[in-house]
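This report refers to the structure that appears directly beneath it.
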Amino acid sequence: MKNEFVLAFNELLEEKQLPKDIIMSALEYAMVSAYRKAENASNAQHIEAKIDLQTGRVTIYAEKEIVERVQDPRTEVSLEEALKIDPNAKIGGMIVVESTPKDFGRVAAQTARQVIQQRIREAEREAQLQYFKRQVGEIVSGMIQAITPNGLTLGLEMKAEGTMPRKEMIPGERYRVHERIRALLLEVKDSGKGPQIILSRAHRNFLRRLLENEVPEIYHGMVEIRSIAREPGQRSKVAVAALQAGVDPVGACVGMRGVRIQAIVRELNDEKIDVIEWNPDPAIYIAKALSPARVTGVYLSNRGKGTKTATVVVPEDQLSLAIGRDGQNARLAARLTSWRIDIKSLPEAAIDALNKIQKDPEYRTFAELERDIIPHVEQILNKKAEGRPVTPEEYQVLSQFVDRVERGILRQREGVLRAEEEKQLIAAANIPDEAFEIPLEDIGLPLRYTTLLNGAGYLSVGDLILQLKLDPNKILALEGIGAKAMAAIEEALANFSLPKSEPAEQIVVEEKPAAVEETVPEQEGILEEEVEISETTLEALPSEFTAIHEVEQVPMTEPASEVEGIEETLIADRIMVEGQEEEQREEAIEESPEPSLDEMFKWSPDEIEIDYSLVAEDEDEEVESDKKKKKKKKKYVEYEYDPDQAATVAKKKRKRGGTDWDDEWDL
């Protein structure tokens, strides 16, 4: 039969739900505290307590000094007693001996009760803290214990309490005491009174976890949630994408007859949820994010750093639907896509396009291109302003006019940006790579100027030289940089010597030995031909033709007196002449005549809509085709001695499609 101590110990383990070693350490610490209090022992004295779980007996061990005559039994022990424990004990040494007082169990039970409770409470708080830290970001279930003006108090697992502030509650939702609700475990803080657990039902991750629980495709990774924008209690937008072919992401989230999404809507107090399909094209993605509104056109502008603006044109009857009540639909779409969205009606967009053509210098080109259609557009807008009906065909004219102007200006800006990038690449090509690794402090500039340049993003010598080549006025426009500072910068760069890059390898064409000239007189004209190779030609040659082949002695069947040896030499023909390149490029590119505006108006809308994003790809394909034609002109001739024919032969190499070279022999 188990004794009372074992029964009480097991009951304590079951009640507190703590590990056995934690309870044991708390009991031992309490026994040590009780011994110090009962014997008035010093805190400097080392004392240990051991508890036998089978009998419940407590044994105290204390460290004492070995002396001949004991004066204080609390800190001293005689040599005879010490020798019983350790035969090597000596006077003046220290030894740990048993020092359990009589009736210590009853005394300890009275004095150590508070200490035991305190240690168990601390262990319980630490276990709660570690448990709920692992649950951060997950949904937990709790029962409402109290409703206060500041929020809710919920009872959670492990006898813990969580709080839900007012800002984390769904607006308009009613709560009742003893009602069980689900919430997102948002944060766990450690405080002196235990873990402080913050819960939320308004966070967007609460909607994410609900979707994972209700939609198996999301839980198993077949459908991914790309973005969530939420206004608690009113409306939410969720962008989903399929990671597995053949899976409909929107249909999986909605479920059969909306069963899955309706369960989430009921949990969120009838909050409206729009599920849209994510698309890698920002224009299509933004158009879908503005649903249920119908969008006519989306025009992206990414001119500044970090500012991404999308101009969305919608029919006049769809403007209020696209904006939403108090701008809610447009606001959620902007959060969902991370784009700044500017919504305009079709007449408003046409008026803006006309004003820009007439006043903005950037749109000056379109005034000439659209001169025939501008009066017609003005006539339609005047009809609209006077309140007269506008036909669908006239709305189509406005839509096409806005589309041509907006897409044209975007292509123009892309061309300017591409030209700036090419200019920057050309300027950076003449700067050694090592210059971009040298900090500005190494060129001897004053610390004030160096700090100003580093703050503007010029961290290395290469960055500073590149900007001076592109636009020195940009550095001069920095705050704190004037004419004196510019002079100091130019002087410092002039006195600083940049590391020189290694010269490019050159192709050396050696003359043919006299022995070969006597043996093969018919090849003399070809071997003595002068080869002129420009720097651009050297850069265009493959790496395998930039090395100089070593001379090898070829064994011959003929006597050595007739031919001493043949030197293997690489001879390159003259290739890629600039004049020929221009002629070939003009022959390869056939420009199609542009249609007039009258012909364009006769086209149907499907014919007019052109994917202008392919223009850059067409230009890349033309450049690649020119490069291929240039590569076809490369011919490499190698002369070798054929011992079977006792003659020197010319071996031409041409690249056929892949990476293999085809050989053609000319005797």
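Only one of these is touching a residue at least 40 places away in the same chain (Cβ under 8 Å), aliphatic (A, V, I, L, M) and surrounded by 16 or more Cβ atoms within 10 Å (Cβ to Cβ): A82, A127. Name it.
Working: A82 fails: touching a residue at least 40 places away in the same chain (Cβ under 8 Å).
Exactly one residue qualifies, and that residue is A127.
What are the pairs, 6+ residues apart or on separate chains, where a residue within segment 244-273 that is closer than 18 Å to E231 by Cβ and among the basic types (K, R) has its Cβ under 8 Å from a residue that is at pLDDT 90 or above and surrounded by 14 or more Cβ atoms within 10 Å (Cβ to Cβ)?
Close Cβ pairs satisfying both conditions: K272/Q234; K272/R235; K272/S236; K272/V265.
The conditions are (1) outside any helix (DSSP H, G or I); (2) touching a Gly at 6+ places or on another chain (Cβ under 6 Å); (3) not aliphatic (A, V, I, L, M), and F436 fails exactly one of them. Which is it?
Failed condition: (1).
With respect to the numbered conditions (1) of a type outside the set (A, V, I, L, M); (2) surrounded by fewer than 19 Cβ atoms within 10 Å (Cβ to Cβ); (3) touching a Gly at 6+ places or on another chain (Cβ under 8 Å); (4) at pLDDT below 90, which one is the sole condition not fulfilled by F366?
(2)
Does any residue of segment 130-152 turn out to be modelled with pLDDT under 85, surrounded by fewer than 13 Cβ atoms within 10 Å (Cβ to Cβ) and either out of contact with any Lys or Arg (no Cβ under 8 Å at 6 or more places or on another chain) or farther than 20 Å from D190 by Cα (or both)?
Scanning segment 130-152 turns up no residue that is modelled with pLDDT under 85, surrounded by fewer than 13 Cβ atoms within 10 Å (Cβ to Cβ) and either out of contact with any Lys or Arg (no Cβ under 8 Å at 6 or more places or on another chain) or farther than 20 Å from D190 by Cα (or both).
Would you pick out the residues in segment 265-306 that are more than 28 Å from H203 (Cβ to Cβ) and of a type in the set (S, T, Y)?
Scanning segment 265-306 gives T296, Y299, S301.
Hey, among the residues in segment 162-202 that are buried (at least 16 other Cβ atoms within 10 Å of the Cβ) and modelled with pLDDT under 90, which one's farthest from E271 (Cα to Cα)?
Only one residue tops the list, namely G194.
Conditions tested, residue by residue: (1) modelled with pLDDT of 90 or more; (2) touching a Leu at 6+ places or on another chain (Cβ under 8 Å).
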| residue | (1), (2) |
| --- | --- |
| D281 | yes, no |
| Y285 | yes, no |
| A293 | yes, yes |
| K305 | no, no |
| L321 | yes, no |
| R335 | yes, no |
| S338 | yes, no |
| A350 | yes, yes |
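Restricting segment 414-433 to residues that are in a loop (DSSP other than H, G, I, E, B) and not aliphatic (A, V, I, L, M), which is nearest to the chain's Cα centre (by Cα)?
From segment 414-433, those in a loop (DSSP other than H, G, I, E, B) are 430-432; that's our starting set.
Checking the rest, the ones that are also not aliphatic (A, V, I, L, M) come to 430, 432.
On the way: N430: 32, P432: 30 Å.
Per the stated criteria, the residue is P432.
For segment 312-328, what are the residues that are in contact (Cβ under 8 Å) with a residue 40 or more places away in the chain and assigned to a helix (DSSP H, G or I)?
The one that is in contact (Cβ under 8 Å) with a residue 40 or more places away in the chain and assigned to a helix (DSSP H, G or I): Q328.
Yes/no per residue for (1) surrounded by fewer than 17 Cβ atoms within 10 Å (Cβ to Cβ); (2) outside the structural domain of L184 (by TED's automatic domain parsing); (3) among the aliphatic types (A, V, I, L, M); (4) within 30 Å of T309 (Cβ to Cβ):
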residue	(1), (2), (3), (4)
Y219	yes, yes, no, no
E224	yes, yes, no, yes
V238	no, yes, yes, yes
L243	yes, yes, yes, no
G258	yes, yes, no, no
E267	no, yes, no, no
D270	yes, yes, no, no
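Select from segment 122-145 the residues that are under 22 Å from H203 (Cβ atoms) and either among the charged types (D, E, K, R) or in a strand (DSSP E or B) (or both) and list them in ascending order.
Listed by number, the residues that qualify are K133, R134, E138, I139, V140, S141, G142, M143, I144, Q145.
For D274, are the conditions met, namely being in a loop (DSSP other than H, G, I, E, B) and more than 30 Å from L417 (Cα to Cα)?
Against the criterion (in a loop (DSSP other than H, G, I, E, B) and more than 30 Å from L417 (Cα to Cα)), D274 does not qualify.
Among helices (runs of 4 or more DSSP H) lying entirely in segment 1-86, which contain 2 or more residues that are in the same structural domain as V97 (by TED's automatic domain parsing), of a type outside the set (A, V, I, L, M, F, W, C) and modelled with pLDDT of 80 or more? Walk me through how you get there before you give the answer.
On the way: elements: 4-16, 20-39, 79-85.
Ranges flagged: 20-39, 79-85.
Within the group A428, A419, which residue is of a type in the set (G, A, S), more than 19 Å from L300 (Cβ to Cβ) and touching a helix residue (DSSP H, G or I) at 6+ places or on another chain (Cβ under 9 Å)?
Values: A419 fails: touching a helix residue (DSSP H, G or I) at 6+ places or on another chain (Cβ under 9 Å).
Residue meeting the stated conditions: A428.
If you check A333 against the conditions, is it buried (at least 17 other Cβ atoms within 10 Å of the Cβ) and without any contact (Cβ under 8 Å) to a residue 60 or more places away in the chain? Outline the logic, then answer.
Numbers: buried (at least 17 other Cβ atoms within 10 Å of the Cβ): yes; without any contact (Cβ under 8 Å) to a residue 60 or more places away in the chain: no.
When the stated conditions are applied, A333 does not pass them.
Does L452 qualify as being out of contact with any Asp or Glu (no Cβ under 9 Å at 6 or more places or on another chain) and either among the small types (G, A, S) or at pLDDT 80 or above (or both)?
Values: out of contact with any Asp or Glu (no Cβ under 9 Å at 6 or more places or on another chain): no; either among the small types (G, A, S) or at pLDDT 80 or above (or both): yes.
Answer is no for this residue.
Determine which member of the set A202, A183, A127 is of a type in the set (A, V, I, L, M, F, W, C) and over 34 Å from the mean Cα position of the chain (by Cα). Step through it out loud before you land on a result.
Working: A202 fails: over 34 Å from the mean Cα position of the chain (by Cα); A183 fails: over 34 Å from the mean Cα position of the chain (by Cα).
Exactly one of A202, A183, A127 is of a type in the set (A, V, I, L, M, F, W, C) and over 34 Å from the mean Cα position of the chain (by Cα), namely A127.
The values are calculated or read from the model by the stated rules, or taken from the named source; none is laboratory data. Because the structure is a prediction, the values reported are computed rather than measured. When we count neighbours, we look across all protein chains shown, and the Cβ atoms used for this are built from the backbone with ideal geometry, even at glycine.
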